[in-house]
Amino acid sequence: MAFSHILITRPAEDGAELASMLASHPAQVLVLPAHAFRGREPDAEPVRRLADCTASGTRPWVIFTSPRAVEHGLVRLQHSPLSQCRVAAIGPTTASRLEEAGIVVAARPGQGHTSEDLLELIPDAPGQVTSEAFIVTAPGGRKVLAEGMRQRGYRPNLLLVYQRQPADLDPDVVAALGRAESILSVFTSADTLRGLSQRLPEPVWKRICAGEWIVVSDRLARVAHSCQPQRVHLAAGPTNDDLVKTINALS
């Protein structure tokens with residue numbers, strides 16, 4: 001085996017699930033989320049616009065950008081019936097969470113899970129009237145998606161239903177990383193990568209960069225290469241099943 005430790009940086013719930021799936025792996029699995037998430041009330045203006053659209057029957061696009069957007073968004077958008085909207089999901093897990101809630105998903109990428117993959121499925125807006133699109137996300141997220149919708153003739157509205165905050169870094173996990181002989185790190189977002197690079201002790205971050213990394217998109221791979229890890233591997237997809245397959249293939 002090429003590595004002694006597997007570092008999982010997914011948010012706590014997803015990271016715990018992935019660690020459980022790797023329980024029989026011979027490497028020691030360490031879970032270290034960079035961020036925690038909490039709900040927030042979206043701004044009143046985009047909420048009003050969404051209510052107006054559903055009342056008028058214009059069927060706006062409502063795009064959920066993560067499972068957390070579903071978790072926090074459905075609670076805060078109950079007054080705007082999504083059955084009167086065209087709902088899109090950024091990836092398979094997000095789509096599954098919507099369908100579990102009884103929401104029909106009109107657009108989801110068959111392959112890939114990036115903003116660009118989803119934008120390929122969205123038709124141009126008709127030119128006669130202003131068409132609205134609502135992106136359910138966190139502050140600072142999905143700028144590519146908003147700009148892509150604008151280029152397709154939509155007016156993008158951000159429904160900011162949750163926000164990131166730095167998670168407490170488990171000192172025992174940080175210490176174990178500092179002692180690790182070789183590390184395979186799993187990164188699923190650029191924000192996580194940057195957050196850990198800034199908050200971990202420099203010797204620990206250097207040890208992570210001396211190992212191999214798994215990432216979930218070409219865009220994230222470009223960010224990862226700037227940190228100069230030993231090698232960057234692209235997972236088959238963003239789900240924990242995809243990550244387990246990639247990890248096992250490297251073992």
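Might you let me know whether region 58-80 holds any residue that is within 30 Å of His5 (Cβ to Cβ), part of a loop (DSSP other than H, G, I, E, B) and not hydrophobic (A, V, I, L, M, F, W, C)? Checked region 58-80: at least one residue is within 30 Å of His5 (Cβ to Cβ), part of a loop (DSSP other than H, G, I, E, B) and not hydrophobic (A, V, I, L, M, F, W, C).
Restricting region 74-103 to residues that are closer than 15 Å to Leu145 by Cβ and modelled with pLDDT under 95, the residue that is surrounded by the most Cβ atoms within 10 Å (Cβ to Cβ) is Ile90.
Considered as a group, the residues in region 218-249 that are free of Cβ contacts under 8 Å to residues at least 60 places away in the same chain and among the hydroxyl-bearing types (Ser, Thr, Tyr) include one that is farthest from Trp205 (Cα to Cα), and that residue is Thr246.
Do we have Gln163 as under 26 Å from Glu71 (Cβ atoms), not hydrophobic (A, V, I, L, M, F, W, C) and not in a helix (DSSP H, G or I) here? So Gln163 fits the description; yes.
Conditions (1) within 23 Å of Val62 (Cα to Cα); (2) outside the structural domain of Ala69 (by TED's automatic domain parsing), marked per residue:
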{"residue": "Pro139", "(1), (2)": "yes, no"}
{"residue": "Gly148", "(1), (2)": "yes, no"}
{"residue": "Pro171", "(1), (2)": "no, yes"}
{"residue": "Ser189", "(1), (2)": "yes, yes"}
{"residue": "Arg194", "(1), (2)": "no, yes"}
{"residue": "Ile208", "(1), (2)": "no, yes"}
{"residue": "Arg219", "(1), (2)": "no, yes"}
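Taking region 193-233 as the range and being within 20 Å of the chain's Cα centre (by Cα) and not in a helix (DSSP H, G or I) as the test, the residues that pass are Trp213, Ile214, Val215, Val216, Ser217, Val232, His233.
Looking across region 200-213 at every residue that is touching a residue at least 12 places away in the same chain (Cβ under 8 Å) and either closer than 16 Å to Gly112 by Cβ or out of contact with any helix residue (DSSP H, G or I) (no Cβ under 9 Å at 6 or more places or on another chain) (or both), the one that is surrounded by the most Cβ atoms within 10 Å (Cβ to Cβ) is identified as Gly211. Mind listing whichever residues of region 182-192 are within 18 Å of the chain's Cα centre (by Cα) and not acidic (Asp, Glu)? Passing the criteria: Ser185, Val186, Phe187, Thr188, Ser189, Ala190, Thr192.
Within region 124-148, work out how many residues are touching a Ser or Thr at 6+ places or on another chain (Cβ under 6 Å) and either of a type outside the set (A, V, I, L, M, F, W, C) or on the phi > 0 side of the Ramachandran plot (or both). Adding up the residues that qualify gives 2. Has region 81-89 got any residue that is assigned to a loop (DSSP other than H, G, I, E, B), closer than 15 Å to Glu132 by Cα and charged (D, E, K, R)? Checked against the condition, which is being assigned to a loop (DSSP other than H, G, I, E, B), closer than 15 Å to Glu132 by Cα and charged (D, E, K, R), region 81-89 yields no hits at all.
The C-beta contact set for region 47-62 (first residue assigned by TED's automatic domain parsing to the domain that holds Arg108, second residue among the β-branched types (Val, Ile, Thr), distance under 6 angstrom, 6+ apart or interchain) comprises Val62/Val87.
Of the residues examined, Thr188 is one that is part of a loop (DSSP other than H, G, I, E, B) and surrounded by 17 or more Cβ atoms within 10 Å (Cβ to Cβ). Within the option set Ala69, Ala106, being surrounded by fewer than 19 Cβ atoms within 10 Å (Cβ to Cβ) and either closer than 21 Å to Pro11 by Cβ or more than 13 Å from the chain's Cα centre (by Cα) (or both) holds for one residue only, Ala106. Checking each residue in region 166-185 for being assigned to a strand (DSSP E or B) and either among the aliphatic types (A, V, I, L, M) or under 18 Å from Ala16 (Cβ atoms) (or both) picks out Ile183, Leu184, Ser185. For region 110-154, filtered to residues that are crowded, with 21+ Cβ neighbours inside 10 Å and assigned to a loop (DSSP other than H, G, I, E, B), the residue that is modelled with the lowest pLDDT is Gly141.
Can you pull out the residues in region 141-192 that are touching a helix residue (DSSP H, G or I) at 6+ places or on another chain (Cβ under 8 Å), closer than 22 Å to Glu45 by Cβ and not charged (D, E, K, R)? Matches in region 141-192: Leu145, Gly148, Met149, Pro156, Asn157, Leu158, Leu159, Val161, Tyr162.
The values are calculated or read from the model by the stated rules, or taken from the named source; none is laboratory data. Bear in mind the structure is a predicted one, so any value in this text is a computation, not a measurement. Every residue, glycine as well, gets a Cβ built from its backbone with ideal geometry; the counts of neighbours run over all protein chains shown.
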